[in-house]
1. Out of (1) at negative phi; (2) modelled with pLDDT of 95 or more, the odd one out for Gly176 is which?
2. Within the range 68-75, is there a residue that is within 14 Å of the ligand (Cβ to nearest atom) and either surrounded by fewer than 20 Cβ atoms within 10 Å (Cβ to Cβ) or at pLDDT below 95 (or both)?
3. Working only within the range 185-211, note down all residues that are surrounded by 14 or more Cβ atoms within 10 Å (Cβ to Cβ), out of contact with any Pro (no Cβ under 8 Å at 6 or more places or on another chain) and over 30 Å from Val300 (Cα atoms).
4. Can Arg30 be described as more than 30 Å from Arg381 (Cβ to Cβ), basic (Lys, Arg) and modelled with pLDDT of 95 or more?
5. I'm checking my understanding of the structure. Among residues of the range 348-368 that are of a type in the set (A, V, I, L, M) and more than 14 Å from the ligand (Cβ to nearest atom), which one is nearest to Val315 (Cα to Cα)?
6. Among the listed residues Glu238, Glu223, which satisfies the condition of being under 23 Å from Arg183 (Cα atoms) and over 28 Å from the mean Cα position of the chain (by Cα)?
7. So how many residues does the range 93-147 have that are among the acidic types (Asp, Glu) and more than 25 Å from Thr355 (Cβ to Cβ)?
Amino acid sequence: MTDALSLTRDLVRCPSVTPADAGALGVLQRVLGEAGFVVERVTFSEKGTADIDNLYARIGNGRPHLTFAGHTDVVPAGDEKAWTRAPFSGDIKDGFLYGRGAVDMKGGLACAVAATLDYLKANGGKPKGSISFLVTGDEESIAVNGTIKLLQWAAARGEKFDHCILGEPSNVETLGDSVKIGRRGSQNGILIVEGKQGHVAYPERADNPVRGIVRLIAALNAEPLDQGNDHFQPSNLEFTSVDVGNETVNLIPAQARARFNIRYNDCHTNASLRALIEQRAAKAAGDAIRWRIEWPPSNVEVFRTEPGPFTDLVVGAIEEVTGRKPKLSTLGGTSDARFIANYCPVLEFGLVGQTMHAIDERVAVDDLERLTRIYRLALGRYFA
Ligand SMILES: [Zn+2]
């Protein structure tokens, strides 16, 4: 019997720091293959990026089709000596399994696999519909050869998903406190103001772009982008860097640049948001400032899954196991759920995120057991 604890341990022992796989997908391939899944490994490439290994496994042919999504890659361990237990040891101490990826998100994947195997065992080895696993090794870094391409690949083969659970560490402090039903979008921008270089003693012959960029930054910070809504906090624009790059004390520079990032909610689309920013900048600039904004391409569009029977089912299972009614949240950074949302309703529920990406990332052994029970309950009810 494969249990979530030993599977988490096997996965943590593979040092799969993006883009390395280090055997992590092979661990899942073996376990799922033995349980009767048809398992495929697909490698995606893109010029200028490392090739990435991905896994798709499915059992059953019918509907409904529930897919568990996730990633086996992890962020680097950082200062290995600062860890209580070696970051790829999977050591257990005082009820916690230590290791990079323990909560983000090898533990979550292991619980989903363990719950699925238990469900299959109780149901003659076959689901009443289909269960699949969509697992990538490219989430933590640039995420171009991962879930986004795996979904396209699956769609081209005619795969259709009805619902998805992504086992990212959605809980803030304790198991059962939050389910994520959406995420904000993210867009970077570079504001550029052109001036005319000259001597500081002869300002009439020059045009100082610092004056202009200060005015535009102030204008873009002056008014909120929206007030937020029932599901999302207000959008926010943060300037992250203002750059003139001028080392000379008596020279008026020719150009000033400022970088910013916007985290935006579903009051906007990416296009309407950019139009709003440009409108505000144009108004503040008038004819006096020569400016433009460059928008690097973004693949982080806002999304939200409408609460309904599927979210209710998962929330019910969480309540039953933990005694807690989780918040339906959209807080935090981005995840691969943004890609999945284009194919089917997706929610995120996994372990507790407190130690993710940190020194001493660790998961309570008890949380692994309880998350497995939550997934197991959800599976039983989903196919009932
Ligand atoms: Zn993650």
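1. All conditions are met except number (1).
2. yes
3. Residues satisfying the conditions are Lys196, Gly198, Ala206, Asp207, Arg211.
4. When the stated conditions are applied, Arg30 does not pass them.
5. Among those residues, the one meeting the criterion is Leu368.
6. Of the residues listed, the single one that is under 23 Å from Arg183 (Cα atoms) and over 28 Å from the mean Cα position of the chain (by Cα) is Glu223.
7. The total comes to 1.
Table: residues versus (1) in contact (Cβ under 8 Å) with a residue 40 or more places away in the chain; (2) in contact with a strand residue (DSSP E or B) (Cβ under 9 Å, 6 or more places away or on another chain).
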| site | (1), (2) |
| --- | --- |
| Asp3 | yes, no |
| Leu7 | yes, no |
| Arg13 | yes, no |
| Gly23 | no, no |
| Gly60 | yes, yes |
| Pro64 | yes, yes |
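The values are calculated or read from the model by the stated rules, or taken from the named source; none is laboratory data. Please read these numbers as outputs of a predicted model, since none were measured by experiment. Quick reminder, even Gly has a Cβ in these numbers, built from the backbone with ideal geometry, and neighbours come from all protein chains shown.
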